[in-house]
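These notes are about the structure you will find just below.
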Amino acid sequence: MAEPLLCVANLVRRFGGVVATDNLSLEVARGELHAIIGPNGAGKTTLISQLTGQLLPNSGSITFGGRDITRLPAYRRSALGLARSFQITSLLPDFTAADNVALAAQAHDGHSFYFWGNARKEKHLRETARAALARVGLEHRADTVVSKLSHGEQRELELAVALATKPQLLLLDEPMAGLGVSESARMVELLKALRREVTIVLVEHDMDAVFALADRITVLVYGRVIASDVPDAIRVNDEVKRAYLGEQHAVTRHG
Ligand SMILES: Nc1ncnc2c1ncn2[C@@H]1O[C@H](COP(=O)(O)OP(=O)(O)OP(=O)(O)O)[C@@H](O)[C@H]1O
């Protein structure tokens, strides 16, 4: 089997007496969309924060592209091709959609905001921004300021901002949160297209979206992996059904 893009081994993270990540091991293959699900407080966001470097584990290791990144600061991980979107991204509300993406591309190139005046005119940044906006279907909103975009469009823009850094692995933390039915459907279609281009780890409570998108699903409960398998196996896994996919979480089948 090819070497996984991401390998998490025996990761532990405690907050006082709470073990938010409990000896967690996980592999993400190149090209897959790997969903992470679990009840509130299962440790999903804590795991993502350790993958990006916002939070350091107490023990265990994280390997990305064959390299041990466990103690690497967030900006170095970003330079290696790890990008996070949602829940933490702050768009600049008075800037246009294109400016927001160009800024992200510029920051990733290693320049400071100080040079933004020049960067705004820089052709390759403009082109990177246009290309990223086109990938999320927002090219027609390039010159619109963020505060005038709908909530769903802002979510799509956040995705474009992450894509502008040309990630190898995209970490998405609840991209459907707060979206209406039609906006969610658009986001699912968008992620279906993107998954062909970039490896994705998706944390999401919307089970319809998860089962429509995932190649594999890892289920966390109290910081522990209780199952990691293809969607059809997760759907019928008794422990998963007991712990999470109970009656209140009706799981529908998507073609
Ligand atoms: N900064 C923190 N300080 C103390 N405890 C924390 C902190 N962050 C998370 N926790 C605890 O760690 C556990 C896991 O939380 P986490 O937010 O990672 O879960 P989650 O699966 O993302 O939940 P949700 O689905 O509600 O977003 C919870 O018990 C939470 O209270």
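With respect to residue 30, is the statement that it is without any contact (Cβ under 8 Å) to a residue 60 or more places away in the chain and either within 18 Å of residue 167 (Cα to Cα) or out of contact with any strand residue (DSSP E or B) (no Cβ under 7 Å at 6 or more places or on another chain) (or both) true? When the stated conditions are applied, residue 30 does not pass them. Quick one: which residue in 71, 30 is under 18 Å from the mean Cα position of the chain (by Cα) and basic (Lys, Arg)? Only one candidate qualifies: 30. Restricting attention to segment 154-190, the residues that are acidic (Asp, Glu) and out of contact with any strand residue (DSSP E or B) (no Cβ under 7 Å at 6 or more places or on another chain) add up to 3. Just to be sure I understand, how many residues within segment 227-251 are at pLDDT below 95, closer than 24 Å to residue 8 by Cα and of a type in the set (A, V, I, L, M, F, W, C)? Looking only at that region, the number is 2. One residue stands out in segment 1-19 among those that are surrounded by 15 or more Cβ atoms within 10 Å (Cβ to Cβ) and β-branched (Val, Ile, Thr): the one that is nearest to the ligand (Cβ to nearest atom), namely 19.
Listed by first and then second residue, the pairs with beta-carbon distance under 8 Å, at least 6 apart or on different chains, first residue in segment 35-59 and over 12 Å from residue 13 (Cα atoms) and more than 6 Å from the ligand (Cβ to nearest atom), second assigned to a loop (DSSP other than H, G, I, E, B) and among the aliphatic types (A, V, I, L, M), are 35/214; 53/69; 53/72; 54/88. In segment 49-81, of all residues being at pLDDT 95 or above and of a type in the set (A, V, I, L, M), the one that is nearest to residue 220 (Cα to Cα) corresponds to 51.
Residue 162 falls short on exactly one of the conditions (1) outside the structural domain of residue 65 (by TED's automatic domain parsing); (2) of a type outside the set (S, T, N, Q); (3) over 18 Å from residue 36 (Cβ atoms), and that condition is (3). Residue pairs whose Cβ atoms lie under 8 Å apart, sitting 6 or more positions apart in sequence or on different chains, and linking a residue in segment 189-207 that is closer than 17 Å to residue 26 by Cα to a partner that is charged (D, E, K, R) and assigned to a helix (DSSP H, G or I), are 203/44. Here residue 22 meets each of (1) more than 12 Å from the ligand (Cβ to nearest atom); (2) assigned to a strand (DSSP E or B); (3) out of contact with any helix residue (DSSP H, G or I) (no Cβ under 7 Å at 6 or more places or on another chain) with one exception, condition (1).
The values are calculated or read from the model by the stated rules, or taken from the named source; none is laboratory data. On a predicted model such as this, the values are computed, not experimentally measured, just so you know. Positions of Cβ are backbone-derived with ideal geometry, glycine not excepted, and every protein chain shown enters the neighbour counts.
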